[in-house]
Amino acid sequence: MRLIVCEHYDELSDRAAEIIAEVVKNKPDAILGLATGSTPIGAYQRLCEMNRKGEIDFSRITTFNLDEYYPISPENDQSYRYFMNVNLFDHINIDKSATHVPKGDAADPEAECRRYEAMLDRSAGIDIQLLGIGQNGHIGFNEPDRDLVTVTHVTSLTDSTIDANSRFFAKREDVPTKALTMGMASIAKAKTVLLLASGKSKREAVSRLLDETVTTDCPATLLKLHPDLILICDKDAMPE
Ligand code: PGA
């Protein structure tokens, strides 16, 4: 694992955007794995800025997002499709038809997961997968559990995730109870995994990443098995 410790969130965002921009410059038809959540927003802003200045070109880039709520319509402002449009895709010269997010309005969610995994398999493979980390060590909607499903699958949100995400919805009952998420093996097929952790609330999860064990109790620790894992933390997220 390569560990990069930054002073603060802004520096973390700069470093993450630089690493992704390098991939895009070196491989104009690269495939990016993308994530939602508050952590990557700064990096997305930097990438929008670089694109606006003509420093990077997304016209041949393909993207796959990690996850989506279920059921949810892509027009819902809490959907991850909406988040990606607003925070990145609407501001860069990417072909929207080459941006993939699991379909939260699919009639058959299991079939949608199979379709998504098959599409990932048929692709040339994700060059770099950007990830945030949950306070409990979840990755996407792969929540701590005894057993984890390796491929894209339908999962139920835990009460703690519903609680954490309810701040974005009018009321707790509005939070979808399920999600479609890439599995840890789908994620680990990426050539490089770029994991971001910011803030004190992530310290415990980062500390488990930095110890020498792996456990499905903290799905992020499975990423330690990946040959090219980059962890960027700010000082607040670093254990003392
Ligand atoms: P956050 O979410 O970036 O909003 O902290 C990360 C996650 O839960 O995966």
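The values are calculated or read from the model by the stated rules, or taken from the named source; none is laboratory data. Everything numeric here is computed off the predicted structure, so don't read it as measured data. Backbone-built Cβ (ideal geometry, glycine too); neighbour counts: all protein chains shown. Ligands, DNA and RNA are excluded from the accessible area calculation, which covers all protein heavy atoms including side chains. Shrake-Rupley method; radii C 1.70, N 1.55, O 1.52, S 1.80 Å.
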Output for Cβ contacts, cut-off 7 Å, separation at least six or different chains, first residue under 14 Å from Arg146 (Cα atoms) and among the charged types (D, E, K, R) in segment 210-226, second open to solvent by 40 Å² or more (accessible area, probe 1.4 Å) and not in a helix (DSSP H, G or I), reads Asp217/Pro144
Turns out the strands (runs of 3 or more DSSP E) fully within segment 1-89 with at least 3 residues that are at pLDDT below 95, of a type in the set (D, E, K, R) and open to solvent by 20 Å² or more (accessible area, probe 1.4 Å) are none
Counting only residues that are open to solvent by 80 Å² or more (accessible area, probe 1.4 Å) and not in a strand (DSSP E or B), segment 171-198 contains a total of 6
Residues in segment 73-97 that are touching a helix residue (DSSP H, G or I) at 6+ places or on another chain (Cβ under 8 Å) and either aromatic (Phe, Trp, Tyr) or in contact (Cβ under 8 Å) with a residue 60 or more places away in the chain (or both) total 2
Within segment 205-236, restricting to residues that are polar (S, T, N, Q) and part of a loop (DSSP other than H, G, I, E, B), the one that is surrounded by the most Cβ atoms within 10 Å (Cβ to Cβ) is Thr216
Across segment 126-145, the tally of residues that are in a loop (DSSP other than H, G, I, E, B), within 9 Å of the ligand (Cβ to nearest atom) and touching a Pro at 6+ places or on another chain (Cβ under 8 Å) stands at 3
Looking across segment 113-170 at residues that are of a type in the set (Asp, Glu) and closer than 28 Å to Ser97 by Cα, the single one that is most open to solvent (accessible area, probe 1.4 Å) is Asp121
Selection from segment 39-63 of residues within 16 Å of the ligand (Cβ to nearest atom) and in contact with a strand residue (DSSP E or B) (Cβ under 8 Å, 6 or more places away or on another chain) yields Thr39, Pro40, Ala43
Taking segment 146-173 and keeping residues in contact with a strand residue (DSSP E or B) (Cβ under 7 Å, 6 or more places away or on another chain) and either farther than 22 Å from Leu194 by Cβ or within 12 Å of the ligand (Cβ to nearest atom) (or both) leaves His153, Val154, Thr155, Ser156, Leu157
Log entry, pairs with first residue in segment 26-38 being within 13 Å of the ligand (Cβ to nearest atom), second being in a helix (DSSP H, G or I) and open to solvent by 10 Å² or more (accessible area, probe 1.4 Å), beta carbons closer than 7 Å, six or more apart or on different chains, reads Thr36/Tyr80; Thr36/Phe83
